[in-house]
Amino acid sequence: MVTEYVAMTEDRIDQAAIDHAGAILRAGGLVAFPTETVYGLGGDALNPESSRKIYAAKGRPSDNPLIVHICRLEDTEKIASFIPDIYYRLAEAFWPGPMTMILRKSSLVPPETTGGLDTVAIRFPVNKIAQALIRAEGGFIAAPSANRSGRPSPTLAQYCREDLDGRVEMIIDGGQVGIGVESTIVDLTEQRPTILRPGYITKEMLDRTIGEVDVDATILAGTSAQHPKAPGMKYRHYAPKGDLTIVEGRRDQVAAYINAALREAENKGHRTGVICTDETRALYRADSVKSAGTRRDEATIAHDLFRILREFDDEGIDIMYSENFDAAGIGMAVMNRLMKAAGHQIVTIHEDGSVTRTHPPKETLGRPEYREA
Ligand code: TXA
Ligand code: MG
């Protein structure tokens, strides 16, 4: 298939191109498009054949459910069988925006879209191009992130091209996304609302709106061996091609450890990379030293993390180290994605200078279903 490319901005929507994209979707085709979080790989959420195509284009296991994107709050009634009051309170506070809510699904949503679950994930994005596309499609676009399974989510249209050229009918270039990590997922089908995936809408923001919410225990767990409730969170994700290790501890000790490890890797002929911050970049020497942003504003780190992981791949970097970041606020999303990218390889430098190291649970990471997502 030959992929069509169109470009537009949120202030200057190309309505003819959007109408064409809407027709492609209604006919069962696939269109990659920008949202405020990451690019999405869209198909008609109510057409089982479209969902099958999405899994095939991504190379993704089909037990991993898709998010249904809407552009009118009232459309929820068509795809959910029960809507708790809390849904409307969260929608009022954070929609349109980077949050996804999980409800019991209606029979209109095919099991192919929800990975066989009887629940459905719903998101109302704020990006104007995404909204126009959903409207043109008729209201319900299923869209995972527009990357090949296992790769970092795309924050630029060029990354969609790298992963999906020839696999989708159209890619809409809407420039660089604003947020850079995927939406916060909140499950409303249990006793207490539970965050299944952290994102730009933080636990603190949710707590202030609806009272204390739970956080899925696997989000910042030390291994990937436990079973998270969002099926997609169990897979090895966002992985750069090389080997990434996170080092946590006191700043100066972290820098000394990483530099020593980099020298050793270089001596063995590896190309090396470091993920650090504006505050610490001068401390490092490597083939590629990348500041993800500033520790004064963790949102800057979320914004650039996936781009950096892809750039390391392009630069042929095969051994990488990252500093750890504060896991409060949006930092929870940053650390969650970083730990997945590192396959949970973490070195901890303790107060007394001793060092411990986690290893990825090889028995799970080696299995094919954990290699790709
Ligand atoms: O920001 C985002 O959410 C982006 C943009 C494109 O909207 N989309 C996105 O989709 O990140 P995806 O497919 O890459 O991630 C969806 C996550 C997966 O971890 C999946 O398992 C979980 O949502 N999920 C979807 N439906 C679910 C359900 N019914 N119950 C539990 N988890 C669900
Ligand atoms: Mg994804």
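Here is how the numbers come out for the structure above:
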item: Enumerated helices (runs of 4 or more DSSP H) restricted to the range 1-83, each holding at least 2 residues that are within 16 Å of ligand 2 (Cβ to nearest atom), crowded, with 16+ Cβ neighbours inside 10 Å and aromatic (Phe, Trp, Tyr); result: none
item: Test: residue in the range 57-80 that is farther than 29 Å from residue 205 by Cβ and among the hydrophobic types (A, V, I, L, M, F, W, C); result: yes
item: Only listed residue being closer than 20 Å to residue 185 by Cα and in contact (Cβ under 8 Å) with a residue 60 or more places away in the chain, chosen from 42, 29, 59, 22; result: 42
item: Residues located in the range 280-295, provided they are more than 17 Å from residue 240 (Cβ to Cβ), assigned to a loop (DSSP other than H, G, I, E, B) and at pLDDT 95 or above; result: 280, 284, 285, 293
item: The range 122-150, subset closer than 21 Å to residue 101 by Cβ and assigned to a helix (DSSP H, G or I), residue farthest from ligand 1 (Cβ to nearest atom); result: 135
item: Hits in the range 124-159 - residues which are of a type in the set (S, T, N, Q), over 22 Å from residue 88 (Cα atoms) and away from ligand 2 (no atom under 16 Å from the Cβ); result: 158
item: Only listed residue being outside any helix (DSSP H, G or I), small (Gly, Ala, Ser) and buried (at least 22 other Cβ atoms within 10 Å of the Cβ), chosen from 316, 273; result: 273
item: Output for the range 84-100, where each listed residue is of a type in the set (Ser, Thr, Tyr), in a helix (DSSP H, G or I) and surrounded by 15 or more Cβ atoms within 10 Å (Cβ to Cβ); result: 87
item: Residue identified as in contact with a Phe, Trp or Tyr (Cβ under 9 Å, 6 or more places away or on another chain) and more than 13 Å from ligand 1 (Cβ to nearest atom) among 89, 161; result: 161
item: Looking only at the range 32-49, and only at residues there that are within 12 Å of ligand 1 (Cβ to nearest atom) and of a type in the set (A, V, I, L, M, F, W, C), the one that is nearest to the chain's Cα centre (by Cα); result: 38
item: Flag for residue 102 being touching a strand residue (DSSP E or B) at 6+ places or on another chain (Cβ under 6 Å), away from ligand 2 (no atom under 16 Å from the Cβ), of a type outside the set (S, T, N, Q) and farther than 20 Å from residue 59 by Cα; result: no
item: Test result for residue 103, within 24 Å of the chain's Cα centre (by Cα), surrounded by fewer than 23 Cβ atoms within 10 Å (Cβ to Cβ), assigned to a strand (DSSP E or B) and modelled with pLDDT of 95 or more; result: yes
item: Residues satisfying the stated conditions in the range 160-176, i.e. surrounded by fewer than 23 Cβ atoms within 10 Å (Cβ to Cβ) and either basic (Lys, Arg) or within 14 Å of ligand 2 (Cβ to nearest atom) (or both); result: 161, 164, 167
item: Subset of the range 177-191 (residues that are within 14 Å of ligand 1 (Cβ to nearest atom) and surrounded by fewer than 24 Cβ atoms within 10 Å (Cβ to Cβ)); result: 177, 178, 179, 187, 188, 189, 190
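The values are calculated or read from the model by the stated rules, or taken from the named source; none is laboratory data. The model shown is predicted, which means the values in this text are computed figures rather than measured ones. No Cβ is skipped: glycine too gets one built from the backbone with ideal geometry, and neighbour counts run over all protein chains shown.
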